[in-house]
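K.L.:
Just passing along the structure, written as structure tokens.
The values are calculated or read from the model by the stated rules, or taken from the named source; none is laboratory data. Note that the coordinates shown come from a computational prediction; the quantities given were computed from them, not determined experimentally. Positions of Cβ are backbone-derived with ideal geometry, glycine not excepted, and every protein chain shown enters the neighbour counts. What goes into the accessible areas is simple: the full protein's heavy atoms, side chains included, and nothing from ligands, DNA or RNA. Shrake-Rupley method; radii C 1.70, N 1.55, O 1.52, S 1.80 Å.
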Amino acid sequence: MNVLLIQPEGVDLYTTLLKSETSRGILRFYQPDRLEYGIRVRTASLGSALALVSELRWYIQRYVEEVLFEPEEGIFCSSGLAQQIYERDVKPASPWRYRCLYRISDHPVDTIWMDAGTTPEAYADRIEPGDTALEVWCTEEEYPA
């Protein structure tokens, strides 16, 4: 399970978190990976990922644009869906109806809502070369009607 913390424009999240004694203490058992657009933290389970995000809440409110969870390689889910999965309110399976693409470029993050039955490739014309595109599963409530 990975937690992906996407930084807003003008923030070097990796440096910010490692400069603070408190966040260094929280992250002491993890080895965050620096990404162009934030950091990735590997955890053992969804429960530990949610606990880590809870502990970093103060930093997330100030220095993070978006928090995503990666239960399977290449499939990300929103915080809301991660919480629903953890509480066993929902058990997502492919193909998941409520999805979007996060297009990460020079910031901010653009959200491209996906229609049911489509693949990320169907939206290639909306992704620029050099952008990072992440497929994100979300809750029914987060998905625009």
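K.L.:
For THR111, only one of the following conditions fails: (1) without any contact (Cβ under 8 Å) to a residue 60 or more places away in the chain; (2) open to solvent by less than 50 Å² (accessible area, probe 1.4 Å); (3) of a type in the set (Ser, Thr, Tyr). What is its number?
P.N.:
(2)
K.L.:
Still on this structure, I have one more. Give the residues of the range 118-142 that are in a loop (DSSP other than H, G, I, E, B), modelled with pLDDT under 95, of a type outside the set (D, E, K, R) and touching a Lys or Arg at 6+ places or on another chain (Cβ under 9 Å), sorted by residue number.
P.N.:
Listed by number, the residues that qualify are THR118, ILE127.
Quick grid of which residues meet (1) over 14 Å from TRP137 (Cβ atoms); (2) under 15 Å from the mean Cα position of the chain (by Cα):
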| site | (1), (2) |
| --- | --- |
| LEU46 | no, yes |
| VAL53 | yes, yes |
| LEU81 | no, yes |
| ARG88 | yes, no |
| ALA93 | no, no |
| THR111 | no, yes |
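K.L.:
Hey, can you tell me all the residues within the range 91-117 that are modelled with pLDDT of 90 or more and touching a Pro at 6+ places or on another chain (Cβ under 7 Å)?
P.N.:
Result: LEU101, TRP113.
K.L.:
For residues that are open to solvent by 20 Å² or more (accessible area, probe 1.4 Å) and under 17 Å from the mean Cα position of the chain (by Cα), tally how many sit in the range 8-29.
P.N.:
5
K.L.:
Something else now. One residue is enough: does the range 95-108 have a residue meeting the conditions buried (at least 18 other Cβ atoms within 10 Å of the Cβ) and among the hydroxyl-bearing types (Ser, Thr, Tyr)?
P.N.:
yes
K.L.:
Filter the range 49-83 for residues that are out of contact with any strand residue (DSSP E or B) (no Cβ under 8 Å at 6 or more places or on another chain), closer than 22 Å to THR16 by Cβ and of a type in the set (Gly, Ala, Ser) and give the result.
P.N.:
ALA51, SER54
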